[in-house]
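S.K.: Can you keep this structure in mind? I'll have questions shortly.
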Amino acid sequence: MKRLRDLGEDALIARILRGFPGGEALVVGPGDDCAVVDPGRGPLRLLKTDALVEGVHFLPDTPAAKVGWKAIARVLSDFAAMGGAPDHLLVTVAVDAARPLAWMDGLYRGIRKCLARHGGVLAGGETCRLPTGAVISVAGEGHVERRHLTLRSGGKPGDLVGVTGRLGGSIAGKHLSFTPRLAEAAWLVRHLRPSAMMDLSDGLAKDLPRLAAASGCGFELGDIPATHGSTREQAFGDGEDYELLLTASPRRWQAAAAGWAEAFPRLPLSVIGRLTEPGHSPRLAGGWDHFSP
């Protein structure tokens, strides 16, 4: 009997999505950071859902406020990856009935703090009971100006590959306190105009090959900016960095570099490689796969 772990996450998603038709308004379906819907005029609509599972995305003793922050920030990070911004969010919490009330208060305190700092409105949701543990699912809609929509699939051979910030360290707690790069993405789509972009949720070792494949390219790599105390291997494989991975032509990169340094003096924007013709990519080890052995 074949099991989920025999396929891995990417192959499983490709399998279960076979045969689903699109719609006239669906601009981008499964496979990017958000789905994109065209309402006919005005900005494009972004749709995203994400879930946190106790024991997978956070430990039982994790402070509830940090869980709430992370639940919202993950969805906001995906809006940023498309060049967009959040509008309305729905939060579903499934939890055991013996959970202390203070835990739920803390969860929503973290949710409120993240929305207040980065934008978006809590529009509703659902609560239900689990036999044990907790699951927090967030569904959101956002928007992106048509000229600013940035997909994973727009990269071209010769484009530079870059990342915001530094990678690695999620296991040491970074995954609970990261900043969704909404302001940075808004600057990038206006000034650098990336050819492709996504957020680093599963680790550079998993996500860069996905971006390159979506763009029909290979890639080569150089130096990786690692979080203080993290090794190169951890920068590749820890996952849950939630920094932006992007590509742009060398000409655009050079023109925008000084402006980035002025706008975000404490956050590096680093060139880590280049897109190539397909078939010329190194094999990368590490990264997160929900259904790996």
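The values are calculated or read from the model by the stated rules, or taken from the named source; none is laboratory data. It should be emphasised that the depicted structure is a prediction, and the values quoted were computed from it without experimental measurement. Here the Cβ positions follow ideal geometry from the backbone for every residue, glycine too, while neighbour counts run over all protein chains shown.
S.K.: Would you please name the residue that is nearest to residue 150 (Cα to Cα), looking only at residues in the range 233-269 that are of a type outside the set (A, V, I, L, M) and in contact with a strand residue (DSSP E or B) (Cβ under 6 Å, 6 or more places away or on another chain)?
M.R.: Across the range 233-269, the extreme among qualifying residues is 247.
S.K.: So which of 118, 88 is under 17 Å from the mean Cα position of the chain (by Cα) and not acidic (Asp, Glu)?
M.R.: So the residue among 118, 88 that is under 17 Å from the mean Cα position of the chain (by Cα) and not acidic (Asp, Glu) is 118.
S.K.: Now for a different question. Within the range 177-199, which residues are within 14 Å of the chain's Cα centre (by Cα) and under 21 Å from residue 117 (Cα atoms)?
M.R.: Those that are within 14 Å of the chain's Cα centre (by Cα) and under 21 Å from residue 117 (Cα atoms): 178, 179, 180, 181, 182, 184, 185, 199.
S.K.: Of all residues in the range 245-278, which are in contact with a Leu (Cβ under 7 Å, 6 or more places away or on another chain), under 19 Å from residue 167 (Cβ atoms) and of a type in the set (A, V, I, L, M)?
M.R.: 245, 246, 248, 271, 272
S.K.: Restricting attention to the range 179-193, and to residues there that are touching a helix residue (DSSP H, G or I) at 6+ places or on another chain (Cβ under 6 Å) and crowded, with 20+ Cβ neighbours inside 10 Å, which single residue is nearest to residue 271 (Cα to Cα)?
M.R.: 192
S.K.: Is it true that residue 160 is touching a Pro at 6+ places or on another chain (Cβ under 7 Å) and assigned by TED's automatic domain parsing to the domain that holds residue 259?
M.R.: Spelling it out, residue 160 is indeed touching a Pro at 6+ places or on another chain (Cβ under 7 Å) and assigned by TED's automatic domain parsing to the domain that holds residue 259.
S.K.: Can you tell me which residue in the range 1-57 is nearest to residue 199 (Cα to Cα), limited to those that are among the charged types (D, E, K, R) and loosely packed, with under 11 Cβ neighbours inside 10 Å?
M.R.: Across the range 1-57, the extreme among qualifying residues is 15.
S.K.: Do any helices (runs of 4 or more DSSP H) lying entirely in the range 203-286 carry at least 1 residues that are surrounded by fewer than 18 Cβ atoms within 10 Å (Cβ to Cβ) and under 19 Å from the mean Cα position of the chain (by Cα), and which ones are they?
M.R.: Per the criteria, 204-214.
S.K.: Restricting to the range 189-202, give me the number of residues that are more than 21 Å from residue 75 (Cα to Cα), in a helix (DSSP H, G or I) and in contact (Cβ under 8 Å) with a residue 60 or more places away in the chain.
M.R.: Qualifying residue count for the region: 1.
S.K.: Which condition number in (1) surrounded by fewer than 22 Cβ atoms within 10 Å (Cβ to Cβ); (2) among the charged types (D, E, K, R); (3) in contact with a Lys or Arg (Cβ under 9 Å, 6 or more places away or on another chain) is the one that residue 78 fails?
M.R.: Tallying (1) surrounded by fewer than 22 Cβ atoms within 10 Å (Cβ to Cβ); (2) among the charged types (D, E, K, R); (3) in contact with a Lys or Arg (Cβ under 9 Å, 6 or more places away or on another chain), residue 78 fails exactly one: (1).
S.K.: In addition: When you go through 40, 68, 29 one by one, which is the residue that is at pLDDT below 95 and more than 21 Å from residue 210 (Cβ to Cβ)?
M.R.: Sole residue among the options that is at pLDDT below 95 and more than 21 Å from residue 210 (Cβ to Cβ): 40.
S.K.: Right, next: What about residue 213, is it in contact (Cβ under 8 Å) with a residue 24 or more places away in the chain, out of contact with any helix residue (DSSP H, G or I) (no Cβ under 6 Å at 6 or more places or on another chain) and not assigned by TED's automatic domain parsing to the domain that holds residue 37?
M.R.: For residue 213, the condition - in contact (Cβ under 8 Å) with a residue 24 or more places away in the chain, out of contact with any helix residue (DSSP H, G or I) (no Cβ under 6 Å at 6 or more places or on another chain) and not assigned by TED's automatic domain parsing to the domain that holds residue 37 - is not met.
S.K.: Could you please find all residues in the range 137-181 being part of a helix (DSSP H, G or I) and either on the phi > 0 side of the Ramachandran plot or basic (Lys, Arg) (or both)?
M.R.: 146, 147, 152, 174
S.K.: When you scan the range 108-119, do you find a residue that is touching a Cys at 6+ places or on another chain (Cβ under 7 Å), farther than 17 Å from residue 144 by Cα and of a type in the set (A, V, I, L, M, F, W, C), even just one?
M.R.: The answer is no; no qualifying residue exists.
S.K.: Here is a further query. Could you tell me whether residue 47 is aliphatic (A, V, I, L, M) and either assigned by TED's automatic domain parsing to the domain that holds residue 200 or within 14 Å of the chain's Cα centre (by Cα) (or both)?
M.R.: Yes: the conditions hold for residue 47.
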